[in-house]
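Report on one structure; see the data block that follows.
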There are 2 protein chains.
Amino acid sequence: MPDHAAAFVHDHRDRMLDELKEFLRIPSISTLPENRADVRRAASWLVKKMRAAGLEHAEVIATEGHPLVYADFLHATGRPTVLCYGHYDVQPVDPIDRWTSPPFEPTVRRGNLYARGACDDKGQMYTHVKAVEGFLRHGPGRLPCNVKFLIEGEEESGGHAIAAFVPKNRKRLRADCVLVSDTGMFAPGLPTLDVGLRGILYTEIRVRGAAGDLHSGMYGGAAPNPLQAVAEIITACKDRGGKVLIPGFYGKVRRPSKTEISSWKRLPFSEKKFLKEEVGAAALTGEKGFSALERMWARPTFEVHGIRGGFTGEGAKTVIPAEAVAKVSMRLVPDQDPAAIMRLFAGHVAKVAPRGVKVTVRQAHGAPATLIDPDNRFIGAAVAALRDIFGKEPVFVRSGGSIPVVGLFTSALNLPCVLMGWGLPDDNLHAPDEKLAVENYFKGIEGTMRFFDRVGALGG
Amino acid sequence: MPDHAAAFVHDHRDRMLDELKEFLRIPSISTLPENRADVRRAASWLVKKMRAAGLEHAEVIATEGHPLVYADFLHATGRPTVLCYGHYDVQPVDPIDRWTSPPFEPTVRRGNLYARGACDDKGQMYTHVKAVEGFLRHGPGRLPCNVKFLIEGEEESGGHAIAAFVPKNRKRLRADCVLVSDTGMFAPGLPTLDVGLRGILYTEIRVRGAAGDLHSGMYGGAAPNPLQAVAEIITACKDRGGKVLIPGFYGKVRRPSKTEISSWKRLPFSEKKFLKEEVGAAALTGEKGFSALERMWARPTFEVHGIRGGFTGEGAKTVIPAEAVAKVSMRLVPDQDPAAIMRLFAGHVAKVAPRGVKVTVRQAHGAPATLIDPDNRFIGAAVAALRDIFGKEPVFVRSGGSIPVVGLFTSALNLPCVLMGWGLPDDNLHAPDEKLAVENYFKGIEGTMRFFDRVGALGG
C-alpha cells in the first residue's frame, strides 16, 4: 500500500483540518477548575470521532480527576498491537494579551495553525485517529496491526488518573509497543525520533511570616518578609552559574554516552542562532562545561514559575505580606528518582529557610526521566516509516520536556515507546501563539499510517 | 471654654459617627485607575461637609492626578494660623477575603469602627472638620485661631499633586504650623506626639529574559529565568541579617541621640509581647545591635512588596516567564536623600544583575524623613491640649511610616508640624480589618478643639 497513505491525506485535507479546528475550540484546560466541563466535553467529542473513524469499544472512562478515553480495533490476528497514547487537555493561556489570535479560535496564518493545543497535544494525537480512519473508512477496511488508544485529560496537571489506571488494567492495555506523538522534529523537514525525556518534580514552597499583612512603614525592620524569605530560599537552591545547590541532587545523574553526545554535535544546531531566533534573551545561561543541548536534554534543572504574595498591581502598596508561595519545578534526568529528590529538596529548604518564618514544601506531581533503546524493532519500524516519507535518515534526539506517562508505560507495562513527534522548535508550547505547521499535521497522519504498515510487517 | 469641647462631642456622638461611616463607604482607592471616580466623589463629599461645618472658600481643586480639597476660616485677627492637613484617599483592600466585614461597609464591633480608611486617614482627618463645626455651628460661632485645610487624594499613591501645588501656593498656604492627624498613640490611653517619620523610596525592578514565555522542559537549563534573576537581585540588596547591601546606603544615616534612645526604653513596650500580639510571626527579624523600636523608627529598610511574572494560580504551569517585576521600597531615615539613594540603588542593581537578562529600575515616588523639634511652641500647645484630656504627660515617639507631605511642609513652607494622631498599634493599617477605636475618634475631635484653643492663647 505504498501510496494509499499519501492519497488519503491528499483527498481529505480540508475536512481533516476543519475537524482539528473543532477539537481545538474546546478550552480543555485541565489545571483550572473552571474548565472542568470543557475537559469532559473534549473527551466526549473525541469518543464520537473515534467511533466515526471505525474504532471499537470507544468510551469515556470516569476517574477521580478528568476522564480517560479508550478505544481499540483488534482484528489483525497474529500481528503486533500498538498502544496509541496522547492527551486531549491543554495548558492555561496566560498571558492572554500576548496572543495574536484568541487561543481557542484556531486560525491559519502562513501555513501554521495557531491555537492552544495545536501542537501540545490535540493536533498531534489526532493524527493517530485519522490514520485509523484512513485504513478503516477510506481504505481496505482493516488495519495492518492491532491498535489500542488510551488518551488522557490530565497530562498538563499531573496525570494522576492514568497513573492509577494503567497498573490496574495491565491486561486490557496489553500491547507490543506504545506510540506517542507529543514531541517535535529537530528542524523543519528533518524526521526525528525522541529517545530520551527528562522527568519532573513540581513543587510549591509556602512561607508564612506574620499573622496578617503588615504596613512596611510601621513594621519594616522588625517583621519577617515572606517574599524576601522566598528569594533567599530560591537563591540557596540554585547558584548564579545554574548549579543546583541541593546536597545530593546530582548524585544519581547518569551522563549520556560519548557516542550520543558526539551525535548531538552533528545536528543542525547553532547556539548563537538558537539564542537569537528561539530564545531572544541577552545570553544563554546555565551550567558551565555543558553544551546547550546537553543542558536542556541531559542535565537536571531548577526553575521558579511564579511567586504569589503581596501586591503586584498597578500603583504602589507598602505591604509586608503574611504569606508568599513559590511554584518551583525541577527537571530530572536518568537516574534521578522524583521521590528521593523531593526528600532532598524538602530537607534543604528546611535547612536554608531564614529566621522568623514557617516554611512548608508540597509536591504537586513527579515523574522520572525515560531513556529508550534505539535498537528495538518498533523504533526500526518508525525509522522505516519516516524514511519512506522524507527520503532521508531520521535523527535520534532527546527532549528536555517530560511525558511522565512514558515512564509509566515502561515501568508498569514494560513496553518500548516510540516518540514520533511532529512539532517544531518554534511552536510556542505552553506559551502565547502556540501553533502546529499544517503540513506536519498531514505528515503525522501519513507517518502514522506508514508506521502501522511497518509494524504489521514485523509479524507476531 | 474648658468644657465646651467635651460637651459638644457628648451631644453629637451618633450623628458624627454616622457621618464618618458615610465618608468611609466611598471606596476612594487612589492607586487603582478603576476607582478614579470614587476618589473624586470623596473629594466632593468632603467639600460639602466642610461648608456645613462653617468653613469658607471650600473647593475641590483639580490637578493632573486626584483633586485636592481646600477650605479656610480666617477671622481670628492677630492669632496664629493652623494649616490642617490630611488625606481622603485609602489603600487597596487585597486580600479581600481576609476582611471580617466588607472594607467599604463600616461596621462597629467591640468599640471599634472597621473599614478601609477608618484610621488611615479619613477617620482621623475628619476630626479636624468636626472640631471646626464644634466652634462655628454649635458654639461661639468663631474660632480661637485661624485655620486652613489642605486635604489630598493621593497620599497612598505618591502625593504628586500636593507636591506640585504647595511650592506654587506659598502665599495661599501661609500659616504658623501644620496639624496632621495621621499617626498613632503609642498605647491605648497614652497621649502621644510623633516627632519623627521615616522617608520612603518606592521602586520597581523590571527584568526581561527571553522574547516570550518559554516551556521550562524545552528550554530549562539554557534560557535565563527572570524570576530567578529577581530573587538574585533582591538577595544581593539585603542580607539574611537584615542589613542592606547597597554600597553607601548607610552613609548619611544619623543615629538618634542617647537621650532619645533612652526615652524609648521607658515606653511601655515589650518586644516579646509585640511579637506575639502584633506581629504573630516565629521571631522578630532585622539588624543586629538595634532594639526593635530603633529598627522600626530610626533605621532604613529594604522590603519587597510583590513579584509579578509567570504563573501563580491553582495547579501547575511549567513556564519560564519572559518578564518579572518586583515592587521594592526602602524606608529612609535622616539624613538619607531619596534621589541619592535611588542612584545608589539603581547602580547596585545594574551591578548585581545576572547574565542573560535586561534589568531596569524605576522610581515610583520618594520622600525624605522628617524630624520635628519638640521644643517649638505649637508642640507645646499640643502637649497642653493632650494633658487636658488625658490628665497625663504625652510621650514623644517616632513613626516608621512615611508622611511625605510633612517633609514638604517643612521644606517648602518652613512650618513646624504637629503630629497628633489617634490610631492604635493594632489598627491594621494597609491590611485587612483596618479599624479606629470609636473613642479615639471622639477624643480626636475634642483634642483638636482644645489644640485650637491653646494655639489661640499663644497670641500673634
Scan of segment A:287-303 for residues that are crowded, with 23+ Cβ neighbours inside 10 Å and closer than 18 Å to residue B:354 by Cβ, ordered by number
A:295, A:301, A:302, A:303
Any residue in segment B:52-60 that is within 14 Å of chain A (Cβ to nearest Cβ), modelled with pLDDT of 95 or more and touching a Pro at 6+ places or on another chain (Cβ under 7 Å)?
no
Give me the residue from segment A:166-191 that is within 14 Å of chain B (Cβ to nearest Cβ) and more than 22 Å from residue A:150 (Cα to Cα) and, out of that set, surrounded by the fewest Cβ atoms within 10 Å (Cβ to Cβ).
A:186
Here are some conditions: (1) closer than 27 Å to residue A:401 by Cβ; (2) touching a residue at least 60 places away in the same chain (Cβ under 8 Å). Residue A:75 meets all but one. Which one does it not meet?
(1)
Can you find a residue that is at pLDDT below 95, assigned to a strand (DSSP E or B) and within 14 Å of another protein chain (Cβ to nearest Cβ) anywhere in segment A:352-364?
yes
I'd like to check something: does segment A:339-354 contain any residue that is within 19 Å of the chain's Cα centre (by Cα) and crowded, with 23+ Cβ neighbours inside 10 Å?
no
Hits in segment B:192-211 (condition: more than 10 Å from chain A (Cβ to nearest Cβ) and among the hydroxyl-bearing types (Ser, Thr, Tyr))
B:192
In this structure, does residue B:72 turn out to be of a type in the set (D, E, K, R) and either under 23 Å from residue B:378 (Cβ atoms) or not assigned by TED's automatic domain parsing to the domain that holds residue B:157 (or both)?
yes
Where a residue in segment A:227-243 is more than 16 Å from residue A:323 (Cβ to Cβ) and its partner, wherever it lies, is among the acidic types (Asp, Glu) and surrounded by 24 or more Cβ atoms within 10 Å (Cβ to Cβ), with Cβ under 9 Å and at least six apart:
A:238/A:303
Search result, residues across segment B:32-55 that are over 21 Å from residue B:116 (Cβ atoms) and touching a helix residue (DSSP H, G or I) at 6+ places or on another chain (Cβ under 7 Å):
B:50, B:53, B:54, B:55
I'd like the full set of residues that are more than 14 Å from every other protein chain (Cβ to nearest Cβ), in a loop (DSSP other than H, G, I, E, B) and surrounded by 16 or more Cβ atoms within 10 Å (Cβ to Cβ), limited to segment B:75-116.
B:76, B:79, B:80, B:88, B:104, B:106, B:115
Between residues in segment B:431-444 that are closer than 20 Å to residue B:129 by Cβ and residues that are of a type in the set (Phe, Trp, Tyr), which pairs lie under 6 Å by C-beta distance while being six or more apart or on different chains?
B:440/B:422; B:444/B:422
Could you figure out which of (1) over 22 Å from residue A:148 (Cα atoms); (2) under 20 Å from the mean Cα position of the chain (by Cα) isn't true of residue A:410?
(1)
Checking residue B:71 against (1) assigned to a helix (DSSP H, G or I); (2) touching a Phe, Trp or Tyr at 6+ places or on another chain (Cβ under 9 Å); (3) of a type in the set (A, V, I, L, M, F, W, C): exactly one of these is not met. Which one?
(1)
Of (1) within 7 Å of chain A (Cβ to nearest Cβ); (2) in contact with a Pro (Cβ under 8 Å, 6 or more places away or on another chain); (3) in a helix (DSSP H, G or I), residue B:294 satisfies all except one. Which?
(1)
Could you give me the residue pairs with C-beta distances under 8 Å whose first residue belongs to segment A:306-325 and is touching a residue at least 60 places away in the same chain (Cβ under 8 Å) and buried (at least 22 other Cβ atoms within 10 Å of the Cβ), whose second residue is assigned to a loop (DSSP other than H, G, I, E, B) and among the polar types (S, T, N, Q) wherever it lies, and which are 6+ apart or on separate chains?
A:307/B:312; A:320/A:225; A:321/A:225
Do we have residue B:157 as among the small types (Gly, Ala, Ser), at pLDDT 95 or above and in contact with a strand residue (DSSP E or B) (Cβ under 9 Å, 6 or more places away or on another chain) here?
no
Among the residues of segment A:146-162, write down those that are crowded, with 24+ Cβ neighbours inside 10 Å and over 30 Å from residue B:314 (Cβ atoms).
A:147
Filter segment A:280-291 down to the residues that are within 11 Å of another protein chain (Cβ to nearest Cβ) and of a type outside the set (A, V, I, L, M, F, W, C) and list them by number.
A:280, A:285, A:286, A:287, A:291
Among B:305, B:348, which is the only one that is at pLDDT 95 or above, more than 30 Å from residue B:144 (Cα to Cα) and facing chain A (nearest Cβ under 7 Å)?
B:305
Looking at segment A:434-451, is at least one residue farther than 30 Å from residue A:301 by Cα, at pLDDT 95 or above and surrounded by fewer than 20 Cβ atoms within 10 Å (Cβ to Cβ)?
yes
Of the conditions (1) in a helix (DSSP H, G or I); (2) at the interface with chain A (Cβ under 7 Å from one of its Cβ atoms), residue B:341 fails just one. Which one is it?
(2)
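The values are calculated or read from the model by the stated rules, or taken from the named source; none is laboratory data. Computed from a predicted structure; not experimentally measured. Here Cβ is always computed from backbone atoms with ideal geometry, including for glycine, and neighbour counts include all displayed protein chains.
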